[in-house]
Amino acid sequence: MTDRLTSTSKFLSYVLRHRPDAVGVTLDEAGWVPVDVLLAALARHGRPVTPALLDQLVGNTDKQRFEVREGRIRAAQGHTIAVDLQLAPAVPPTVLYHGTVARFLPGIRVEGLTSGERTHVHLSSDLDTAARVGARRGKPVVLRIDAAGMHVAGLVLYRAANGVWLTRHVPPRFITLPS
Ligand code: HQG
């Protein structure tokens, strides 16, 4: 991505996941805001985004962080504000992965994976993606999650529009730490 795309993507993520009030917009209960309302608000706050740039962000970025539907936009996942994405529970693949770093392992051993500030724990369907997620914080450690076991135990998993898997909590018994 170009610098402009990256910085715009980060600011839009901030607004649509965490702080819509930063530009004076309100999200509906599922996290949506009309595109024209958002673009006007961004311009008013000195962060103008053209429709063409927005199209690029929605269509072409690596992670498909944003969804556009019927003239509205939302973040596909990653929220800290309370939204109900209205995703249907999904049957997960047998194994999912979570990328983290060694300093979090003692907590994870005891509590499992918790969502922290966010509404959900984020899981990836492939090792490489999980390693990249972990690498944001240091040397990545990839945990193997027994997603089939979670499903059988009645724990609910969701697949966001961009393929990220979401769940409220992963208890320790479903986590294999690297040896
Ligand atoms: C850790 C980015 C101690 C957890 C990424 C993680 C992802 C615990 C951190 C998305 C713990 C939370 C989400 C426990 C979990 N004790 N530490 N019991 N349970 N943790 O950022 O998964 O670029 O909220 O391992 O690519 O790192 O923003 O979650 O390290 O898809 O689109 O607590 O954010 O996407 O960190 O990342 P985060 P995450 P974007």
Some residue of the stretch 30-49 being surrounded by fewer than 16 Cβ atoms within 10 Å (Cβ to Cβ), touching a residue at least 24 places away in the same chain (Cβ under 8 Å) and under 19 Å from the mean Cα position of the chain (by Cα): yes
Selected residue [outside the structural domain of Lys63 (by TED's automatic domain parsing), over 15 Å from Gly78 (Cα atoms) and within 11 Å of the ligand (Cβ to nearest atom)] from Leu143, Leu123, Leu155: Leu143
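Residue-wise test of (1) under 19 Å from Ala130 (Cα atoms); (2) in contact with a strand residue (DSSP E or B) (Cβ under 7 Å, 6 or more places away or on another chain); (3) modelled with pLDDT of 95 or more.
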residue: Trp32; (1), (2), (3): no, yes, yes
residue: Ala43; (1), (2), (3): no, no, yes
residue: Gln56; (1), (2), (3): no, no, no
residue: Gly59; (1), (2), (3): no, no, no
residue: Leu85; (1), (2), (3): no, no, yes
residue: Pro89; (1), (2), (3): no, yes, yes
residue: Phe104; (1), (2), (3): yes, no, yes
Scope the stretch 1-27; condition outside any helix (DSSP H, G or I) and either modelled with pLDDT under 95 or outside the structural domain of Glu67 (by TED's automatic domain parsing) (or both); matching residues: Met1, Thr2
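The values are calculated or read from the model by the stated rules, or taken from the named source; none is laboratory data. Keep in mind that this is a model prediction, so the values were computed, not measured. Because the Cβ atoms are built from the backbone with ideal geometry, glycine has one as well, and the counts that use them run over all protein chains shown.
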